[in-house]
Amino acid sequence: MRLHSRNISQKSKSNRLTVLSLFLGLLFVALIGRLFFVQIVAHDYYKALADDQQLLTVESSPYRGEILSRDHTNQGDGVTYVLASNKTFYEIYLNPMQVTRPINTAESLSQILGTDYQTMLDRAKKENDPYEPVVSRATEEQYQALKATGIPGIYGREHIWRYYPDSEIGSQVLGFLGIEENKRIGKYGIEGYWDAELAGASEEETATRDARGTVLPRLEDTSVISRDGSDLVLTIDRTAEYEVCSMLKKGVEKYAADKGSVIVMESKTGRILVMCNYPAFDPNEYQLVQEVANFNNDAVFESYEPGSVFKPIAMGIAIDREAVTPATTYEDTGEVIIDDKPIHNFDSLAHGKKTMTQVLQESLNTGVIFATKTVPNRVYYEYVKNFGFGEKTGIEIAQESAGNLGKLETAKDIYKATTSFGQGLTVTPLQMIAGVNVFANDGVLIRPYIVEEIRKPDGERIVTKPQNVRRVVTSDTARTITAMLIKVAEEGYDHKATIPGYYVTGKTGTAQIAERGSYGSKTNHTFVGFAPATDAKFSIIIKLNNVKNVPFASDSTAPLFNAMARFLLQYYRIPPTR
């Protein structure tokens, strides 16, 4: 009996050992399987998870390149002027829990920073609040002055900000440094177009951290070498820009225009000496701008029907094709019928017998239609394209538009007729000045450019060279149109474009603004010309949008051209030509 009991006990123990062994075996197999899954099957997943917990990527921002310009007396390696740079500012904030004397604190903040006293007092009195912002950008001098007061609870955090010392002048050309997805990125203008060149390359370092987040010493260098951004030297003449843009502002206000643009280009090289628009904005405070359209550089962005400033282009085509000469006459009856559509002069009057020079002087629509009538439509279209219309100039700045040649490509008579006096196609001010500049540059289209030099951080300098695009008309045609435009400036516009001592050229355009498919009473005013006429140093285009208190461009942009050209002739010390 006892023997039987002992056998049962031993058998039970054996069973338990078997079960335990089986359990341990299964557990071992499960662990091996799990280990296989973790190390082999899901290796990439768990490695990424571990790296995410243990590895820290630290990115440091390189120095963003400066944007510079020169005055005309400081070309070559002369003195440059900063248009955009990097400046240290301080974010000033309060810890009201540490403020002991709120009144004194508020007084110091308002006196040094120019903030509102009551607002500062209210913030300083928030006893249970550890953080209250004061200003986002205080200067080094302001920050040091606050530190010198010794008032507890005032703190400053250093930041590097993009700084534009000239504020609004040329702001649409420069653009600004904005923020996108928590990264600083160039927007609009030069900052936008040249963002990669200005920004350089960021440095990334990979460090290891322990379970508490403490960064451990690196055993190997995993950094990507950073590269500072390049400096850009613009063709913009800082003094000329300031003076001419100030005149534009006064003109927009005087003639009650919605806005305006001006470009001054060196006639023989294509260098942009002046480019600006008004109203402008302060790129230091770009976030305060309510109308995004204010960021647009309308000198290259906005395309419009140019009106009569296009007539020298059409006349140049006709003369180059030997369809007419300046002395060719026609009888103006005040109306021309093209494809069963009547076309009139701007004043709806008949002007009698007129020469082609008088057609430009008196801006007769019927006259340019007559001049181009025998030019084959397809040939006319190709000429217009060769003048640079319908395609971008290639200037190195953001937002350039190509304009639109409308239905001119269809080679129908009506479209050739309407484009000859600047309707039925759209151009940008930059295209328009480049097109008319063909006559100032011996019949050759030149590419406008605005970046004179790229200064790499390693000392390399890349200098832009002037580039002739193509010959558009003969030298004789260019001289002929120039002579005709001298007559226009000398004998037209009540002598408002005439400058004593100099021969200058010019043509106005008072273009109706198309609204909802028809032309209304609103007009854009444009003037384009170059000086001195026979050896041009600069070309100018001025455009005013929706002028309200004078009827014609001869009353607005012509006197503006006179003032700007007078200044530039004196500033560049160009000797008289008559």
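The values are calculated or read from the model by the stated rules, or taken from the named source; none is laboratory data. It should be emphasised that the depicted structure is a prediction, and the values quoted were computed from it without experimental measurement. So basically every Cβ, Gly included, is an ideal-geometry build from the backbone, and we count neighbours across all protein chains shown.
Of all the criteria given as (1) assigned to a loop (DSSP other than H, G, I, E, B); (2) within 25 Å of residue 552 (Cα to Cα); (3) within 32 Å of the chain's Cα centre (by Cα), the one not satisfied by residue 392 is (2).
Residue count for region 426-454, restricted to those that are within 22 Å of residue 343 (Cβ to Cβ) and touching an Asp or Glu at 6+ places or on another chain (Cβ under 7 Å): 1.
Does residue 490 count as of a type in the set (Asp, Glu), in the same structural domain as residue 323 (by TED's automatic domain parsing), surrounded by fewer than 19 Cβ atoms within 10 Å (Cβ to Cβ) and touching a Ser or Thr at 6+ places or on another chain (Cβ under 7 Å)?
Values: of a type in the set (Asp, Glu): yes; in the same structural domain as residue 323 (by TED's automatic domain parsing): yes; surrounded by fewer than 19 Cβ atoms within 10 Å (Cβ to Cβ): yes; touching a Ser or Thr at 6+ places or on another chain (Cβ under 7 Å): yes.
Yes, satisfied.
Residues in region 500-541 that are among the aliphatic types (A, V, I, L, M) and either under 24 Å from residue 271 (Cα atoms) or outside the structural domain of residue 425 (by TED's automatic domain parsing) (or both): 504, 528, 531, 533, 536, 540, 541.
With region 271-357 as the region, which strands (runs of 3 or more DSSP E) entirely inside it contain at least 1 residues that are within 18 Å of the chain's Cα centre (by Cα)? Even if it seems obvious, please write down each step before you answer.
Numbers: elements: 272-278, 329-332, 335-338, 341-344, 352-355.
Filter on region 271-357 gives 272-278.
Only one of the numbered conditions (1) more than 25 Å from the chain's Cα centre (by Cα); (2) more than 26 Å from residue 326 (Cβ to Cβ); (3) of a type in the set (Lys, Arg) is violated by residue 543, and that is (1). When region 538-578 is limited to residues that are over 17 Å from residue 307 (Cα atoms) and touching an Asp or Glu at 6+ places or on another chain (Cβ under 7 Å), the one that is surrounded by the fewest Cβ atoms within 10 Å (Cβ to Cβ) turns out to be 567.
Could you tell me whether any residue of region 379-390 is within 30 Å of residue 187 (Cα to Cα) and in contact (Cβ under 8 Å) with a residue 40 or more places away in the chain? Yes; the residues of region 379-390 include at least one that is within 30 Å of residue 187 (Cα to Cα) and in contact (Cβ under 8 Å) with a residue 40 or more places away in the chain. Find all pairs meeting these conditions: Cβ atoms under 6 angstrom apart; at least six residues apart or on different chains; first residue within region 394-411 and within 14 Å of residue 383 (Cα to Cα); second residue assigned to a loop (DSSP other than H, G, I, E, B) and modelled with pLDDT of 95 or more. Short answer, once both residue conditions are applied: 405/390; 405/425. Looking at residue 90, is it hydroxyl-bearing (Ser, Thr, Tyr), at pLDDT below 95 and buried (at least 17 other Cβ atoms within 10 Å of the Cβ)? The answer is yes for residue 90.
Here residue 541 meets the list (1) touching a Ser or Thr at 6+ places or on another chain (Cβ under 6 Å); (2) within 22 Å of residue 248 (Cβ to Cβ) almost entirely, failing just condition (1). From the list 177, 83, 109, the lone residue that is farther than 30 Å from residue 199 by Cα and in contact (Cβ under 8 Å) with a residue 24 or more places away in the chain is 109.
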